[in-house]
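The values are calculated or read from the model by the stated rules, or taken from the named source; none is laboratory data. Here the structure is a predicted model, which means the values were calculated and not measured. No Cβ is skipped: glycine too gets one built from the backbone with ideal geometry, and neighbour counts run over all protein chains shown. Keep in mind that these areas ignore ligands, DNA and RNA; they rest on the heavy atoms of the full protein, side chains included. Shrake-Rupley method; radii C 1.70, N 1.55, O 1.52, S 1.80 Å.
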Amino acid sequence: MKNGKLQVAVIGCGGIANQKHLPALKGQADKCDMVAFCDIKVERAEKAAKEYGVPGAKVYTDYNELLKDGDIDVVHVCTPNVAHSPITVAAFEAGKHVMCEKPMAHNTEAAQKMMDAWKKSGKKFTIGYQNRFRPDTQTLHKACEEGALGDIYFAKAHAVRRRAVPTWGVFPDKSQQGGGPLIDIGTHALDITLWMMDNYKPVSVMGSVFEKLGHLPEATEGNMFGPWDPETYEVEDSAFGYIKMENGATIFLESAWALNVKESREAATTLCGTKAGAELIGGMSHAGYDLIFNKTSFGKLTEEKLSEGGTVAFFEGEGAGEPKDLECAQWLDAIINDKEPLVKPEQAFVVTQILDAIYRSAAEGREIKLNQ
């Protein structure tokens, strides 16, 4: 730390850095200074340094050079998925704390390298699953912790878009991302679901991966982000997984950037327990997120929906803030106060392990056994 503040570097100054990490870090100016920026396109790093950096902030195109700076305490990795592992490993070897954007890695082998480097480093490590910080997910997690749903034995993880294929950056590039909607948005839905169940012991996975719409020119019509290029589209347009856990619990994961359905959800979950059920409904077809509990009361089947809290003029209330800001604040606090971050590396590793198994199952046409 310098002048009582963490010295932060950002590697990868593209979309997710500008939409999430940079503004969130700027909002924590009492805890950190942004002192270094790295991107293979120097103009992006220069722009980020100008808009968010402290006076004299350094600009790099080689992350290895950035990591030589002994004054840097924390690194945020905001690159395409396949670069997560080598950069994170190098950062730990250089003695830095690391927040890596989701998913942890593009496959299990790469994620394991990150875990090994972290355990040797003695530093803090977390993955950017900001959807855990939404008010609805926080409320549902509290209910699950207190046993309101009982034993959660079946769940659905929802990450389905009707037509919202990202048309910028490297999203359709399999060599850079490792996959499409499953690894991009399916990862959020699975993270939420596992976190609610507090169950991180998968034993088998069956997967189906489809490349049906991505290469059809007519399928691009109505896409939220404009038509994509079917000729350069290299990843799946939808993927599905059937996951069995050690205790017999079962999860169905659905993910799609393009799927001919009327109802679409994203970063949502359905939980079925022995005492009650719950649904987080939101994303895509919905303006916001609703949390609905279902159970039996007074001999009848009932549904319970949380009411809007409302606000007081000029005062947002305790715990108010965007998920990205709450995520960033707790991460920096975890470093400063030597606490565990909310998103633990072990949990994020299991998410990557399952996603990787879905891809493998679909490619090999068989069930994939895990942790046996």
Fill in the blank from the handout: Expected output for region 146-170 (first residue touching a residue at least 24 places away in the same chain (Cβ under 8 Å) and within 16 Å of A256 (Cβ to Cβ), partner outside any loop (DSSP other than H, G, I, E, B) and open to solvent by 50 Å² or more (accessible area, probe 1.4 Å), Cβ below 8 Å, 6+ apart or cross-chain) is K156/F252; A157/F252
Handout entry: Number of the condition not met by W228 [criteria: (1) open to solvent by 50 Å² or more (accessible area, probe 1.4 Å); (2) over 25 Å from F133 (Cα atoms); (3) within 24 Å of the chain's Cα centre (by Cα)]
Key = (1)
Practice task
Scan region 45-72 for residues that are acidic (D, E) and buried (at least 23 other Cβ atoms within 10 Å of the Cβ) and report the count.
Solution key: 0
Fill in the blank from the handout: Scanning region 230-274 for residues that are touching a strand residue (DSSP E or B) at 6+ places or on another chain (Cβ under 7 Å) and among the aromatic types (F, W, Y), the one farthest from I185 (Cα to Cα) turns out to be Y242
Practice task
Working only within region 248-300, note down all residues that are on the phi < 0 side of the Ramachandran plot, more than 21 Å from the chain's Cα centre (by Cα) and open to solvent by 50 Å² or more (accessible area, probe 1.4 Å).
Solution key: N260, K262, E263, T274, K275, N294, K295, T296, K300
Fill in the blank from the handout: The condition of being in contact with a His (Cβ under 8 Å, 6 or more places away or on another chain) and open to solvent by 10 Å² or more (accessible area, probe 1.4 Å) holds, among K102, K142, only for K102
Completion exercise
By my count, helices (runs of 4 or more DSSP H) wholly in region 44-142 with at least 3 residues that are touching a residue at least 40 places away in the same chain (Cβ under 8 Å) are 108-121
Exercise for the section: Could you run through region 155-182 and say how many residues are of a type in the set (A, V, I, L, M, F, W, C), touching a Phe, Trp or Tyr at 6+ places or on another chain (Cβ under 8 Å) and either over 22 Å from V343 (Cα atoms) or assigned to a helix (DSSP H, G or I) (or both)? Expected result: 4
Handout entry: Exclusive hit being surrounded by 16 or more Cβ atoms within 10 Å (Cβ to Cβ) and over 28 Å from Y153 (Cβ atoms), set T193, T187, T220
Key = T220
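Condition first: in a strand (DSSP E or B), among the charged types (D, E, K, R) and either touching a residue at least 12 places away in the same chain (Cβ under 8 Å) or in contact with an Asp or Glu (Cβ under 7 Å, 6 or more places away or on another chain) (or both). Can you find one or more residues in region 203-222 that meet it?
As a first pass, look at region 203-222 and keep what is in a strand (DSSP E or B): 203-210.
With the extra rule that they be among the charged types (D, E, K, R), the set shrinks to none.
No, region 203-222 contains no residue that is in a strand (DSSP E or B), among the charged types (D, E, K, R) and either touching a residue at least 12 places away in the same chain (Cβ under 8 Å) or in contact with an Asp or Glu (Cβ under 7 Å, 6 or more places away or on another chain) (or both).
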